[in-house]
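Working notes, structure below.
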Amino acid sequence: MSTTEQRVAVVTGGARGIGAATAVRLAAEGRAVAVIDLDEAACKDTVEKITAAGGRAVGVGADVSDEAQAEAAVARVARELGAPAILVNNAGVLRDNLLFKMTAADWDTVMNVHLRGSFLMTRAVQKHMVDAGWGRIVNLSSSSALGNRGQANYSAAKAGLQGFTKTLAIELGRFGITANAVAPGFIATEMTKATAERVKMGFEEFKAAAATQIPVQRVGEPEDIANAIAFFTGEAAGFVSGQVLYVAGGPLD
Ligand code: NAP
């Protein structure tokens, strides 16, 4: 790559939380960043943070679980920023409930966004990576992949993403493409705030209670995950592939 060329990163669910922190961090690493989220207007804050710091970014509205929208989003990124070389499959939703109360719709929504969405985005982006002979894919798994009460759908999807990641690493390695998964523990975002509301706890109280169970005695921040993603997507990480990194303030079983 010449020094004037800039690699293009795609971050799904980049409007807020871990995705927004990752988009900003990758821009600070010198990447041009496409911020993809359901609502294009919601991407504005992240895009402005990047451009205000002198970076290049574009916001793209798309539902990653919709085949036509995922394809169109990647085509637009290629037109407006350049061929994508980095993909962070971060878009996510929760539909928590105990198994006996979980609806088929709750199951399908979670599978569609996490698994189908990551599949569709990766399939759309990989042709650009193969053509360039270089690529970095990071999928967001979770500590819930190890099992978590009330999350039969989410834990299955997050464990599924680990298998997906390893298969991508095996299939795409010969094209200079790596694939890894980052599995966060408790991170303070709108997602965990919604969980606090569901169990009728204040967010500060909920975070404090969670922190007592974490060896480093604090909950994670979106930047903690962005830092791990920056490593996996870096130029120097080309021999690290098919790995799952738990970023949870301590070891997990
Ligand atoms: P968040 O604050 O809820 O942000 C997720 C973003 O994804 C939202 O902007 C959301 O848009 C977007 N999104 C949802 N469905 C989408 C779709 N179909 N297409 C495009 N965008 C979509 O979540 P977060 O806490 O930052 O989590 C980010 C990722 O990390 C998720 O994959 C999550 O499962 C994983 N994770 C989080 C934690 C944690 O403790 N926070 C722990 C482990 C793993 P809307 O706002 O419009 O819905």
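The values are calculated or read from the model by the stated rules, or taken from the named source; none is laboratory data. What you see is a predicted model, and the numbers here were worked out from it, not measured in a lab. Ideal geometry is used to build each Cβ from the backbone, glycine not excepted, and the neighbour counts take in all protein chains shown. Accessible surface areas use protein heavy atoms only, side chains included; no ligands, DNA or RNA. Shrake-Rupley method; radii C 1.70, N 1.55, O 1.52, S 1.80 Å.
Observations, loosely collected:
- Among ARG79, ARG136, ARG56: highest mean-square fluctuation, GNM of the chain, C-alpha pairs under 10 Å: ARG79
- Surface composition of the chain: carbon plus sulfur atoms contribute 54% of the solvent-accessible area (1.4 Å probe, protein chains only, all chains present).
- Extreme residue, positive dipole direction of the range 113-215, given options GLY147, VAL113, PHE175 (C-beta unit charges): PHE175
- Our summary gives the range 78-196 a relative contact order of 30 percent, counting only alpha carbon pairs under 8 angstrom and 6 or more residues apart.
- Here the calculated FRET efficiency for VAL240 and LYS193, from their Cβ-Cβ distance with R0 = 25 Å, stands at 0.20, rounded to the nearest 0.05.
- Once the Cα gyration tensor of the chain is diagonalised, semi-axes √(5λ) in Å: 28, 19, 18
- For the chain, size of Cβ-based charge dipole, Lys and Arg +1, Asp and Glu -1, in debye: 320
- Most positive-pole-ward Cα, ALA42, VAL88, VAL216, against dipole of the chain from beta carbon charges: VAL216
- Approximate spin-label separation ASN227-LYS44, in nm, with each point projected 7 Å along Cα-to-Cβ: 3.3
- Cα-Cα over 29 Å, subset of LYS101/LYS207; LYS127/LYS166; LYS101/LYS166; LYS166/LYS193; LYS101/LYS158: LYS101/LYS166; LYS166/LYS193
- Cα-based helix-to-principal-axis angle, 222-232 vs the chain, degrees rounded to 10: 40
- Note on GLU80/GLU205: beta-carbon distance plugged into 1/(1 + (r/R0)^6) with R0 of 45 Å gives a FRET efficiency of 0.55.
- Most fluctuating residue given options VAL113, VAL216, VAL64, as computed from a GNM of the chain linking Cα atoms under 10 Å: VAL216
- Inter-part distance, the range 143-187 to the range 44-117, computed on C-alpha centroids, equals 16 Å.
- For the range 1-91, a simple Cβ point-charge model (Lys and Arg +1, Asp and Glu -1, everything else neutral) yields a dipole of about 400 debye relative to the Cα centre.
- Of ARG16, ARG31, ARG95, the one that fluctuates the most in a GNM where the chain has Cα springs shorter than 10 Å: ARG95
- Surface exposure of the chain, expressed per residue as accessible area with a 1.4 Å probe, stands at 47 Å².
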